[in-house]
Structure formats: structure tokens, C-alpha cells
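The values are calculated or read from the model by the stated rules, or taken from the named source; none is laboratory data. Since this is a predicted model, take the numbers as computed values, not measurements. All Cβ positions, glycine included, derive from the backbone under ideal geometry; neighbour counts span all protein chains shown.
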Amino acid sequence: MPVKNRFAELLPEITEWRRDIHEHPEILFDTHRTSALVAEKLKAFGCDEVVTGIGRTGVVGIIKGKANGSGRVIGLRADMDALPIREETGLDYASKTDGAMHACGHDGHTAMLLGAAKYLAETRNFDGTVAVIFQPAEEGGGGGREMVDDGMMEQFGINEVYGMHNWPGRPVGSFAIRPGAFFAAADRFDIKVQGKGGHAAKPQETVDATIVAAQLVLALQTIASRNADPIKQVVCSVTSFETSSHAFNVIADAVHLRGTVRTMDPAIQDLTEARMYEICAGIGATFNAEITLDYRRDYPVMVNSKEQTSFAAEVAAEVSGACDEAPLTMGGEDFAFMLNARPGAYILVGNGDTAAVHHPKYNFNDDAIPAGCSWWAEIVERRLPAA
């Protein structure tokens, strides 16, 4: 039976898993229920080995093919964590955890990889070994880095690794990919502005932290418009502005800014960080305020390997009839840590005309399950062909 037909048969079961995970979202590394569910199912499928606690709460299942003459090991990775968002979908299986929801489709990714694992454990029609990787804390926690730092690649002898993400706006089950830099480096910053507060009727007696912070927000935008090469991508976004005052007649003495920087080029990343420190120092001196900047580099640029990307695109075209070239995205993705450790590729699968990811009305489209499962299974059977 063709791979895709088998997943059409399994669709009701995989959908049930996905919706159960959706009802019980867990954030960052606190994926204890999800990790336990994954481990339980992998054992029930007959995986040769199931290892928990990698990268704190990550799970890896090992499936050996009918032969192992190739000696090669392919890693397939799905993320498990949800987001701190209050769900507004009104679904029968909506989140039962207030303030948490699967707003990025990781429930779908986990369910699809479980479906692929079930098929691969049933058929074992490949020469080599598969490591199915279920990762916590993709949403800002660096779970991919934690699993790599725990020695996952070496422990299981992984030679190359593949990942997938659903993509709203693309036709359901269609694919898109690109070689080289794909997702941006994602950094974050905290800026604290300390001035001198006072009565709003006597501004001359204060150092108005709100005015200082407002100037700072505007000045930071000049990094992209006047410092960086306009051909190079850079985003510097202040996403939170909190003052110490909540009264209409009090000038705040302090403001806390938070935000993110996205870049595709290490030199532009260095430039942006350096200019942020210089701008903070200059505006602080101008207004006689104290400004402190904490700049943290989180996720590196996610770079698809050329050979593996070409292969992944061929498999996707076999599954869905075509594979488009994906555009660059300034979103961050911590699969970058795994691609820094091993060659591999990351692909997008269409979620249809749905709300965008990270939106309270987003929902993973279960109709994409057969295509996603088929791609993972075909990656293995074609990359590790049985004799």
C-alpha cells in the first residue's frame, strides 16, 4: 500500500492524538504530560528504544530498519510546546489550560511525527536507523540547543536531521523550502531607563523617563534605515513599553523596554548589537538619564544544507505533486541548533486559509496530516532505501 494511503487510513487516529494534545497545552520545558504521552505511544508502536529526559523533557524513539548495512541514522524532529496565549477558537477540543494554547501547531507536528513513527515501526522498509525526536521549548526556550548540548547527536549517531512546520496561507498539504539561510537569527533585549520622577505640572524638576524612552524607540529604528546595508535584512522591534507610573499627573522615573532583533547575516547582527549600546549611551547622556541594555543572542540563523534541501524538495514533490521555493522569513526557529550540529533540511507544509500562527484563533489543519506524515516517512524510505 502506498505510504500516503496508509496515512489516510490512520488520519482519524492521528487526529484524535492531535486534538488531545491541543486540549492540554504545555509551555516551554513543562511538557511533562505531552512527553509522557509521546513516550507511551512510541513504546506501544514497538520502537527499539525510547529515551526520555533529553534536553530536560525531550523524547527520542529509535526505530531500526529491516537491514542496517548502511549504518546510517536519520533524525526526524517535531516540537511539542505551546504558547502563553488565551485561546479564542471556540473549538470543542479547545485548551483546558487558561492562558496557554497550541497557537503554532506544535500539536500537529507532534501528532504527524507520531503517525510517521507508527508507520515506520510497522513496516521497517529501510536500511539503517531512524531517531524520532520530540523537542520541548521551541518557543523561546532553546529546547533544540538543550537536546544538542545533552549529546543527542552523538548518543544516537545521527548523521542528518529533518524538520517541518505548518504554514498558514499555503494550500493544505503543499510544500515549500529553500536552501541556505531560511529563518532569521532571533535575539532579544531588555532596556531599563532610569530618570527622576515628579509632578506632571513641574517637568523642569524631573528627568522624564518616558520622553527618554520614546526618543530611544525612534532612534533604534535608524539602525535599519541608516546604519545597515539596505540589501541586508534586519528588524529591530520594541514590543513592550512599561512605565513606573500609572497616574495621569505623575511623570515616571523609570521605563522598561523589551524587544527583539532579527537578522540573516552575522555581520549585521554584530552591527545592530553594537549600535544599540551606542544609541543607549548617547541618549542617556543627552537627557541625563541612566540607560542599561541587556542584549541576549537566542537563536542563530537557520541554514538548510544544499544537498539535503534538494532531496527534501524531491520527496515533497513526490508527496504533493510540487514543491515551491519558500521566501526568507524573519521568524526564528531553534531547529537551527540541530542544523548547526548536523546537515539537514527544514520544510513548510501548507495549513490552508487559517489564522496566522501565534494568533488566539489559530488552529492546526488536520487535513495536512497525511501529507506531513508521508513526507517524513518517504524521507526515511528514500534516503535509506532497503535492498
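Which of the residues belonging to region 32-57 are under 26 Å from ALA371 (Cα atoms) and surrounded by 15 or more Cβ atoms within 10 Å (Cβ to Cβ)? Residues satisfying the conditions are THR34, SER35, LEU37, VAL38, ALA39, LYS41, LEU42, PHE45, CYS47, VAL50. Residue count for region 291-340 satisfying the condition of being assigned to a strand (DSSP E or B), of a type in the set (Asp, Glu) and surrounded by 14 or more Cβ atoms within 10 Å (Cβ to Cβ): 2.
Among the residues of region 53-63, write down those that are over 18 Å from GLU146 (Cβ atoms) and in a loop (DSSP other than H, G, I, E, B). Of everything in region 53-63, nothing turns out to be over 18 Å from GLU146 (Cβ atoms) and in a loop (DSSP other than H, G, I, E, B). There is no residue in region 367-377 that is assigned to a loop (DSSP other than H, G, I, E, B), under 24 Å from LEU120 (Cβ atoms) and touching a residue at least 12 places away in the same chain (Cβ under 8 Å).
Against the numbered list (1) part of a loop (DSSP other than H, G, I, E, B); (2) surrounded by 17 or more Cβ atoms within 10 Å (Cβ to Cβ); (3) at pLDDT 95 or above, ASP92 comes up short only at (2).
May I ask you to list the residues in region 43-52 that are assigned to a helix (DSSP H, G or I) and touching a residue at least 24 places away in the same chain (Cβ under 8 Å)? Selection gives PHE45 alone. Only residues that are in contact (Cβ under 8 Å) with a residue 40 or more places away in the chain and in contact with a Pro (Cβ under 7 Å, 6 or more places away or on another chain) were counted across region 59-104, and they come to 13. For region 64-89, which residues satisfy the criterion of being of a type in the set (Gly, Ala, Ser) and not in a loop (DSSP other than H, G, I, E, B)? Residues satisfying the conditions are ALA67, GLY75, ALA78, ALA82. Counting only residues that are of a type in the set (S, T, N, Q) and within 38 Å of the chain's Cα centre (by Cα), how many does region 191-204 have? Number of matching residues: 1. Restricted to region 258-290, and to residues there that are hydrophobic (A, V, I, L, M, F, W, C) and touching a helix residue (DSSP H, G or I) at 6+ places or on another chain (Cβ under 6 Å), the residue that is farthest from SER225 (Cα to Cα) is ALA289.
Here ALA8, ALA82 are screened, and the one residue that is assigned by TED's automatic domain parsing to the domain that holds LEU348, at pLDDT below 95 and more than 25 Å from GLY128 (Cβ to Cβ) is ALA8. Please find, within region 205-237, the residue that is farthest from the chain's Cα centre (by Cα) out of those that are among the hydroxyl-bearing types (Ser, Thr, Tyr) and more than 13 Å from MET276 (Cα to Cα). Filtering region 205-237 for residues that are among the hydroxyl-bearing types (Ser, Thr, Tyr) and more than 13 Å from MET276 (Cα to Cα), the one farthest from the chain's Cα centre (by Cα) comes out as THR206.
For every residue, the table says whether it meets (1) among the small types (Gly, Ala, Ser); (2) in contact (Cβ under 8 Å) with a residue 24 or more places away in the chain.
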position: ILE231; (1), (2): no, no
position: ALA254; (1), (2): yes, yes
position: MET264; (1), (2): no, yes
position: LEU271; (1), (2): no, yes
position: CYS280; (1), (2): no, yes
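All told, VAL301 falls short of being within 17 Å of MET112 (Cβ to Cβ) and of a type outside the set (Phe, Trp, Tyr). Could you say whether any residue in region 252-263 is assigned to a loop (DSSP other than H, G, I, E, B) and surrounded by fewer than 19 Cβ atoms within 10 Å (Cβ to Cβ)? Checking region 252-263: not a single residue is assigned to a loop (DSSP other than H, G, I, E, B) and surrounded by fewer than 19 Cβ atoms within 10 Å (Cβ to Cβ). Among strands (runs of 3 or more DSSP E) entirely within region 131-199, having at least 1 residues that are at pLDDT 95 or above, crowded, with 19+ Cβ neighbours inside 10 Å and of a type in the set (S, T, N, Q) singles out 160-167.
Any residue that is crowded, with 24+ Cβ neighbours inside 10 Å, of a type in the set (Asp, Glu) and part of a helix (DSSP H, G or I) - is there at least one of those in region 103-110? There is at least one residue in region 103-110 that is crowded, with 24+ Cβ neighbours inside 10 Å, of a type in the set (Asp, Glu) and part of a helix (DSSP H, G or I).
Conditions (1) farther than 23 Å from ASP81 by Cα; (2) touching a helix residue (DSSP H, G or I) at 6+ places or on another chain (Cβ under 7 Å); (3) in contact (Cβ under 8 Å) with a residue 60 or more places away in the chain, marked per residue:
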position	(1), (2), (3)
ALA121	yes, yes, yes
GLY141	no, no, yes
ASP149	no, no, yes
PRO168	no, no, yes
ALA176	yes, no, yes
ILE191	yes, yes, yes
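Kindly provide the set of residues from region 315-347 that are among the charged types (D, E, K, R) and either in contact with a strand residue (DSSP E or B) (Cβ under 8 Å, 6 or more places away or on another chain) or not assigned by TED's automatic domain parsing to the domain that holds ARG170 (or both), ordered by number. Hits for region 315-347 are ASP324, GLU325, GLU333, ASP334, ARG342.
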